[in-house]
Amino acid sequence: MLKNGRFVMLSGAVLMLAACTTNDTTDETNGSQEDGVTQIEESGQEDAATDETSDETEDLDLENAGTDEEVASITVEMYNTEAERVGRAIFDEGENGVTIILTLEDIPAGEYGMHIHEVGMATPPTFEDAGSHFNPTDAEHGFDNEAGHHLGDLPNLVVPENGIVNEVIEVEKVSLLPDVDYTLATEEGTSLIIHTEADDYETDPSGDSGERMIGGVIFAPQN
Ligand SMILES: [Cu+2]
């Protein structure tokens, strides 16, 4: 939902609009990260982050107050094929793209394709409603493809034997801000999908990365 040019409508994702609630800082001008929790401050509005143990994150819809503050960060809850929450992906707006801080656990060891997809749905067990890769430049798939790559293409995710993922992924050009080039806040929304096989970085359009194993909604569709 757009409001004064600034959105916020997230379903399956948590927008954390929290003023600094820790005791050691009173700065209210910038998003900041502490202990893996990203906070956004927006003037005149506060909203507590949904607790990790809550099952209510899917119902969270937030609208900001129409300030000129830029949306700096969103948190995407990630689910497996059993619809169990397996972690989260924090998306932070940067100067030339978005940084994803991906934290997962209990993931089978292996190497998996991972992409931003072009529909803001990610319904287990198949996640097929996430659609194809996010590809606003109409390129072909793959970092090694001469006619590539999709802006939603991401490096393969390597999961170690302990099943724990703590990765920071830089995604160039894309944005969390509405109404800019290559925004992820499209009418159709966007999602983050992890596959069952490694992406070969070449085969158009999917990288031959198998089925869909984990997913989460970045931006829900806007209507
Ligand atoms: Cu994909």
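The values are calculated or read from the model by the stated rules, or taken from the named source; none is laboratory data. These numbers were taken from a predicted model, which means no experiment stands behind them. Cβ sites come from the backbone with ideal geometry, for glycine too, and all protein chains shown count toward neighbours.
Worth pointing out:
- Taking the listed residues G142, G148, G152, the one that is crowded, with 21+ Cβ neighbours inside 10 Å, small (G, A, S) and over 16 Å from I214 (Cβ atoms) is G142, with no other qualifying.
- The number of residues in region 98-128 that are away from the ligand (no atom under 11 Å from the Cβ) and small (G, A, S) comes to 3.
Rundown of residues vs (1) out of contact with any strand residue (DSSP E or B) (no Cβ under 6 Å at 6 or more places or on another chain); (2) within 13 Å of the ligand (Cβ to nearest atom); (3) modelled with pLDDT under 95, yes/no style:
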position: A130; (1), (2), (3): no, yes, no
position: H133; (1), (2), (3): no, yes, no
position: G148; (1), (2), (3): no, no, yes
position: V158; (1), (2), (3): no, no, no
position: E188; (1), (2), (3): yes, no, no
position: E211; (1), (2), (3): yes, yes, no
position: G215; (1), (2), (3): no, yes, no
position: A220; (1), (2), (3): yes, no, no
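- Any chance L151 is under 14 Å from the mean Cα position of the chain (by Cα) and free of Cβ contacts under 8 Å to residues at least 60 places away in the same chain: yes
- Meets criteria (within 16 Å of the ligand (Cβ to nearest atom), of a type in the set (A, V, I, L, M, F, W, C), more than 16 Å from the chain's Cα centre (by Cα) and under 20 Å from A89 (Cβ atoms)) for A139: no
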